[in-house]
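Engineer: Mind having a look at this structure? Questions to follow.
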Amino acid sequence: MCQIVYKTFVLIIIFAFATAQTYDNSDQFKTFKIDAHKNAVSHNQKGMYYLSRGYAYAAAEEFKLAIRLAPHNASTAIYFNNLGEAYIKLFKFDPAIKSFQKAIEHNPNLLLSYENLVNAYREKDVLKIAVDKYVEIAKNDPTGSKNWLILGLLYKELDHKEFAIKSLEEFIKLEPGLFITNSVERVVEELRRE
């Protein structure tokens with residue numbers, strides 16, 4: 001009986017060493033680095049896919065995941081912008097406005113976020129209220145270039161070309177060297193041609 005227990009014990013030890021060596025060399029126990037940026041990009045792409053298929057709620061959830069994974073990345077502004085577009089499709093205009101404002105905070109050189117912000121105000125049917133708000137902000141802080149840009153785009157949406165051009169020219173005067181300034185100059189040229 002002792003011999004059977006001894007042989008069983010030896011077999012268990014041999015088996016333990018054999019499996020330990022197998023697992024040590026296997027891929028199963030290798031550590032993988034989680035790349036939050038890659039995962040954020042992946043969630044953003046999924047969100048874009050869902051948004052293109054009309055699944056705005058699923059898209060919004062994917063964009064939120066992308067933002068959580070990369071809250072201070074260069075592409076975070078894009079994720080916030082996409083989230084705002086999903087919210088518009090869901091008729092959630094206040095979160096859409098906040099998302100576009102966050103996109104502008106993260107990257108003030110993305111004209112699309114400004115245009116989408118104005119679109120959210122239009123969809124919410126508060127363009128005139130928004131104009132009054134930004135006029136007041138411009139009076140209190142005449143050097144706040146972003147406010148002039150938003151005000152110009154709001155006037156453009158309301159078809160007040162003269163005020164739109166003046167506001168956008170004020171932005172150009174305050175920010176002559178920004179990347180976005182060339183795009184704003186094109187908007188002004190288009191307004192003058194109309």
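The values are calculated or read from the model by the stated rules, or taken from the named source; none is laboratory data. What you are looking at is a predicted structure, and each value in this text was computed from that prediction instead of being measured. In this analysis, Cβ positions are derived from the backbone assuming ideal geometry, glycine residues included, and neighbour counts consider all displayed protein chains.
Engineer: Tell me, yes or no, whether segment 132-145 has at least one residue that is among the β-branched types (Val, Ile, Thr) and in contact with a Lys or Arg (Cβ under 9 Å, 6 or more places away or on another chain).
Structural biologist: Looking for residues that are among the β-branched types (Val, Ile, Thr) and in contact with a Lys or Arg (Cβ under 9 Å, 6 or more places away or on another chain), one finds none in segment 132-145, hence no.
Engineer: Answer yes or no: is there a residue in segment 129-151 that is in contact (Cβ under 8 Å) with a residue 12 or more places away in the chain, among the acidic types (Asp, Glu) and part of a helix (DSSP H, G or I).
Structural biologist: Checked segment 129-151: no residue is in contact (Cβ under 8 Å) with a residue 12 or more places away in the chain, among the acidic types (Asp, Glu) and part of a helix (DSSP H, G or I).
Engineer: Answer with yes or no whether Tyr121 is assigned by TED's automatic domain parsing to the domain that holds Leu158, assigned to a helix (DSSP H, G or I) and under 23 Å from Ile180 (Cα atoms).
Structural biologist: The answer is no for Tyr121.
Engineer: Can you report the number of residues in segment 133-150 which are among the acidic types (Asp, Glu) and either closer than 18 Å to Thr181 by Cα or in contact with a Leu (Cβ under 8 Å, 6 or more places away or on another chain) (or both)?
Structural biologist: 0
Engineer: Sort out which residues of segment 49-63 are hydrophobic (A, V, I, L, M, F, W, C) and surrounded by fewer than 17 Cβ atoms within 10 Å (Cβ to Cβ), and write them in order of number.
Structural biologist: Here is the first cut: in segment 49-63, the ones hydrophobic (A, V, I, L, M, F, W, C) are 51, 56, 58-60, 63.
Residue satisfying the conditions is Ala58 alone.
Engineer: Yes or no: segment 101-110 includes at least one residue that is in contact (Cβ under 8 Å) with a residue 40 or more places away in the chain and not hydrophobic (A, V, I, L, M, F, W, C).
Structural biologist: Scanning segment 101-110 turns up at least one residue that is in contact (Cβ under 8 Å) with a residue 40 or more places away in the chain and not hydrophobic (A, V, I, L, M, F, W, C).
Engineer: Select, from Ala66, Ala96, the only residue that is over 28 Å from Gly177 (Cβ atoms), at pLDDT below 95 and not assigned by TED's automatic domain parsing to the domain that holds Tyr155.
Structural biologist: Of the residues listed, the single one that is over 28 Å from Gly177 (Cβ atoms), at pLDDT below 95 and not assigned by TED's automatic domain parsing to the domain that holds Tyr155 is Ala66.
Engineer: When you look at Asn39, is it at pLDDT 85 or above and of a type in the set (S, T, N, Q), yes or no?
Structural biologist: Taking the combined requirement at face value, the residue satisfies it.
Engineer: Okay, next question. Would you please list the contacts, defined by Cβ atoms under 6 Å and residues six or more apart or on different chains, that run from a residue in segment 46-57 that is at negative phi to a residue that is at pLDDT 95 or above and not in a helix (DSSP H, G or I)?
Structural biologist: That search, which allows pairs on different chains as well, returns Ala56/Leu90.
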